[in-house]
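Report on the structure given below.
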Amino acid sequence: MKLATLKNNTRDGQLVVVSRDLKTAVTVEDIATTLQSALDNWTAVLPALTEVYDALNKGDVPAAIAFSQTQCESPLPRAYQWADGSAYVNHVELVRKARNAEMPESFWTDPLMYQGGSDAFIGPRDDIPVASEDFGIDFESEVAVITDDVPMGTDPEQAGQHIKLLMLVNDVSLRNLIPGELAKGFGFFSSKPSSAFSPVAVTPDELGEAWDGSKLHLPLTTHLNDELFGQPNCGVDMTFDFPTIVAHAAKTRPLSAGCIVGSGTISNYDRSAGSSCLAEKRMLEIIADGKPSTPFMRFGDKVTIEMFDQQGSSIFGRIDQTVVEYKK
């Protein structure tokens, strides 16, 4: 099943069921008005939503409308929790290597995670407003899962059953602000502005064999200013799978329905697949040449993030964003 949230001048938008080919949609006010309300009552509403989805794909819904990705909010325009991991430890290792810093051995066994701002996500086709190019503007192409209620202390073997939806992420980072924040020893804040998620969130069964219950085995394609930047495979070199990082997030607290847990930047050891963020490419340049040659994003630069199935069809729709100067 595919679900999206249309803009309707409210904070949480209007939930719609979207056809598999992303061409049509239908509102489901009689079942759930928002995605959060659906997640709050997931077991109860899932059969009805599935029935609508099946009918929509057969063309049996007279009230269906044309689906426009440009009218989408992020599937959850705001969420109770946004916790982003760093599941591809080779990416972390590369970043540290470029600055001659030794990586603690614990990074391979204990997941890294930060708690991001979740009160105001931006839409998948909305501009990315940034006050200054000097902040070091970067994109991060990722995959995320949405959970139902996860009890505190849930182990990885149980955590997988709490994953209800998957989507793509552009976890925007302001790289030049990060060192100063981390030096304070208190983590990210200003360096992590609002993230954006794909137009559509999908249930795991929609992914077929590409989803094995813990990893998504498909490339994630990123273009920068219409040029291919990278397409690493999400199922390759993922040190911590999704059940593991969901369990890590729930180690000392319960997670409420609608919690979003991200994979971190997709990264493969095989660098021929390209990268999923500018920082990684710059680090490879530092290692090879002693200095970076790729600049961070500037006003007017565009990034697109999309995933395709084996037949070449878009699964989640496309994140398509342009960086603009923020003016008060």
Residue within the stretch 187-202 that is among the aromatic types (Phe, Trp, Tyr), out of contact with any strand residue (DSSP E or B) (no Cβ under 9 Å at 6 or more places or on another chain) and not in a helix (DSSP H, G or I) present: yes
Matching option when the condition is under 21 Å from the mean Cα position of the chain (by Cα) and either touching a residue at least 12 places away in the same chain (Cβ under 8 Å) or open to solvent by less than 30 Å² (accessible area, probe 1.4 Å) (or both), among 15, 56: 15
Which listed residue, of 181, 206, is part of a helix (DSSP H, G or I) and crowded, with 19+ Cβ neighbours inside 10 Å: 206
Test: residue in the stretch 35-49 that is surrounded by 15 or more Cβ atoms within 10 Å (Cβ to Cβ), among the polar types (S, T, N, Q) and touching a strand residue (DSSP E or B) at 6+ places or on another chain (Cβ under 6 Å): no
Hey, residue 218 over 23 Å from residue 126 (Cα atoms) and either hydrophobic (A, V, I, L, M, F, W, C) or modelled with pLDDT under 95 (or both) or not: yes
Test: residue in the stretch 275-288 that is of a type outside the set (Lys, Arg), free of Cβ contacts under 8 Å to residues at least 60 places away in the same chain and open to solvent by less than 20 Å² (accessible area, probe 1.4 Å): yes
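The values are calculated or read from the model by the stated rules, or taken from the named source; none is laboratory data. Note that the structure is a prediction, hence the values are computed from the model and not measured. For neighbour counting, all protein chains shown are included, and Cβ atoms are generated from backbone atoms with ideal geometry for every residue, glycine included. Quick note on the areas: whole protein, heavy atoms, side chains included, nothing else; ligands and nucleic acids left out. Shrake-Rupley method; radii C 1.70, N 1.55, O 1.52, S 1.80 Å.
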